[in-house]
Structure formats: C-alpha cells, structure tokens
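Novice: Supplied in structure tokens, the structure appears directly below.
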Amino acid sequence: MSINKNRTVVIGLGNPLMGDDGLGLAVLDELRTGYAFPPDVELVDGGTWGMNLLPVIEDADELILIDAIEAGAAPGTFVRLEHARLPRYLATKISPHQVDLRDVLALAELRGTLPADTVALGLQPESVEFRNALSHTLRCRVNALAAAVVEELARRGHPAEGFLAVSVHA
C-alpha cells in the first residue's frame, strides 16, 4: 500500500514565439515525452495563461514553475528561486489587460493560497525576441533542465520512470 503524497503541479511557462521565453514549454514537452510520473504529479502547460493559472496554483499542494529566468547571469546558467525569492509584486502594466505570473503569484499570496512549497527552476535566457525557436545555448540545456525537474520531484517523494542522469550544473 502506498502512502498518499501531496499533489505537485509542474507548470511550464512562456511564449514559444519569443525565442528563449518558450523554455518552460520546451522542458514541459521533454518531461511529457521522456518520463512517466506518478498520478500525484500534474504537468500543466501554463504558456501565457495569466490569471487563468490562479485556480491551478491554488489547488496545488506543491508547485514547481519552469521558465526562462532573468538573473543577470551568463546565458544558459541554471537558476533556482525558492518561495521567498519569487517575484510576487504587482508590476506596472502597459495595458490594463496585461497580466503575468507575478500578478498571479501576488494574488495567491494575498489570498493565502500560494503553496508554501513553491520553487521556480529555469535557465538564464540568451535572447528574448520574436522568433519561434530557442537559442542554441538554451536548446542544448533543455534535457538537463528536465532532469533537474525530475530530481526536484524525486526529492519531494515523486519518483519518475525514465530518468536520465544529466546534470544541469555541468
């Protein structure tokens, strides 16, 4: 008999039409095609859903976000942001219709529904511009970032099948 674990939601984020901003979705695709996860892990294509992600985030016990993360580092550098370091402020908008993940996280935090066990995993982007492909630097690291997500899930008690030992830190 297995022990019931917390429901962990993994959300791939980004816009695949904006170069490296599509990283989260590329990694999510790698996870879906390369691994089998237990039923308590849900993979979600968050794309550019904006506020529509709020119920998904609020229903999670644990949350892993996958995205291109601007950290001022060299392109392709692995970035891990723990719950306390996630940008949750309401940003200035060009349009009142513009909503991004920061707004969603801020609202969930305000409502007291942001999972305490939330982490963002990603890579420093090289180029975020109108094009439908990742830069060579990030494309070469998609498998390694997928492996880092799988390692994170295993640490949380959600082992996946098909795990390939590739280090994102290499």
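Read-outs throughout are calculated quantities, based only on the coordinates presented, and are distinct from any laboratory measurement. Keep in mind that what you see is a predicted model, and the values were worked out from it rather than measured. Every residue, glycine as well, gets a Cβ built from its backbone with ideal geometry; the counts of neighbours run over all protein chains shown.
Novice: Report, by chain and number, residues whose modeled amide H sits under 5 Å from the one on Met18, excluding near sequence neighbours (fewer than 5 apart, same chain).
Specialist: Distant-sequence amide H within range of Met18: Arg131.
Novice: Specify the inter-centroid distance of segment 109-162 and segment 31-82, based on alpha-carbon positions, in whole Å.
Specialist: That distance is 6 Å.
Novice: Arrange the peptides 30-43, 9-22, 112-125 so that the one whose residues have, on average, the most other Cβ atoms within 10 Å appears first.
Specialist: 9-22, 112-125, 30-43
Novice: How much length would be gained if the chain were fully extended between Asp59 and Cys140, taking 0.36 nm per residue of separation minus their Cα-Cα distance, in nm to one decimal?
Specialist: Going from the current span to full extension adds 25.8 nm.
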